[in-house]
Ligand SMILES: Cc1cc2nc3c(=O)[nH]c(=O)nc-3n(C[C@H](O)[C@H](O)[C@H](O)COP(=O)(O)O)c2cc1C
């Protein structure tokens, strides 16, 4: 059966020589193994997004908005920067509103000892403001650079794969339920 749920996988870091590439590629591989999701990879580092909010959205932002609008689910891959998440990710999130509404968001995080969990807790608050549903279970990599080998493979992937499976099961349930609910009654009618 072909995948039925369009999902946007969003890179949280735009830093040069970022570790985000490795974690996001692993995440994409996991998503590709899941029967329900068709993944659109959104990497703000290559999208030529503006560096500040403007009155008129740039063509790149408009195009990105269409891609996010098509998604029924999101997975955000984020590192932790000073107990928060990167500014580039905040800009991407704040550039849209209806695109997030009544849709589920799941998180894959990485960093030092905290595994990026403090960044994820902040993102839960941000997405609540946007009427998105944050998935309880997440995947996190503490001291991430010790967990992947030189070719980007997890040296001991079992726990992470299990956590990912739990997270994606929940994400698929919410994505299916919320898509039906949005169809039955557009969420804009509720929040208007
Ligand atoms: C500006 C900055 C702040 C950071 N702050 C934290 C932090 O508070 N906690 C943590 O665990 N790691 C922190 N780190 C380490 C990052 O989580 C780690 O370098 C990670 O690889 C960054 O993601 P990236 O390489 O994809 O940009 C910080 C890194 C940077 C560049």
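Yes or no: region 84-102 includes at least one residue that is surrounded by 14 or more Cβ atoms within 10 Å (Cβ to Cβ), without any contact (Cβ under 8 Å) to a residue 40 or more places away in the chain and within 11 Å of the ligand (Cβ to nearest atom). Yes, the conditions are met somewhere in region 84-102. In region 25-58, the qualifying residues are those that are in contact (Cβ under 8 Å) with a residue 60 or more places away in the chain and in contact with a strand residue (DSSP E or B) (Cβ under 7 Å, 6 or more places away or on another chain), and the one that is farthest from the ligand (Cβ to nearest atom) is 36. Checking 136, 185 one by one, the residue that is away from the ligand (no atom under 16 Å from the Cβ), more than 16 Å from the chain's Cα centre (by Cα) and without any contact (Cβ under 8 Å) to a residue 60 or more places away in the chain is 185 and no other. For residue 125, the conditions (1) within 21 Å of residue 74 (Cβ to Cβ); (2) within 12 Å of the ligand (Cβ to nearest atom); (3) out of contact with any strand residue (DSSP E or B) (no Cβ under 8 Å at 6 or more places or on another chain) are fulfilled apart from (2).
Just checking, which of 51, 43 is over 26 Å from residue 182 (Cβ atoms) and at pLDDT below 95? Break it down stepwise before answering.
Numbers: 43 fails: at pLDDT below 95.
Selected residue: 51, the only one of 51, 43 that is over 26 Å from residue 182 (Cβ atoms) and at pLDDT below 95.
I'd like to know if region 74-81 contains one or more residues that are touching a residue at least 24 places away in the same chain (Cβ under 8 Å), away from the ligand (no atom under 16 Å from the Cβ) and within 30 Å of residue 183 (Cβ to Cβ). Taking every residue of region 74-81 in turn, at least one turns out to be touching a residue at least 24 places away in the same chain (Cβ under 8 Å), away from the ligand (no atom under 16 Å from the Cβ) and within 30 Å of residue 183 (Cβ to Cβ).
For region 1-16, the condition holds for at least one residue, the condition being that it is within 16 Å of the ligand (Cβ to nearest atom), in contact with a helix residue (DSSP H, G or I) (Cβ under 8 Å, 6 or more places away or on another chain) and more than 25 Å from residue 166 (Cβ to Cβ).
Take residue 116 and decide whether it is within 16 Å of the ligand (Cβ to nearest atom) and crowded, with 22+ Cβ neighbours inside 10 Å. Please lay out each step first, then the result.
Values: within 16 Å of the ligand (Cβ to nearest atom): yes; crowded, with 22+ Cβ neighbours inside 10 Å: yes.
Yes.
Among the conditions (1) over 30 Å from residue 185 (Cα atoms); (2) surrounded by fewer than 21 Cβ atoms within 10 Å (Cβ to Cβ), residue 137 misses just one, which is (1).
The values are calculated or read from the model by the stated rules, or taken from the named source; none is laboratory data. These figures come from a predicted structure and were not determined experimentally. With ideal geometry, Cβ positions are generated from the backbone for all residues, glycine too; neighbour counts draw on all protein chains shown.
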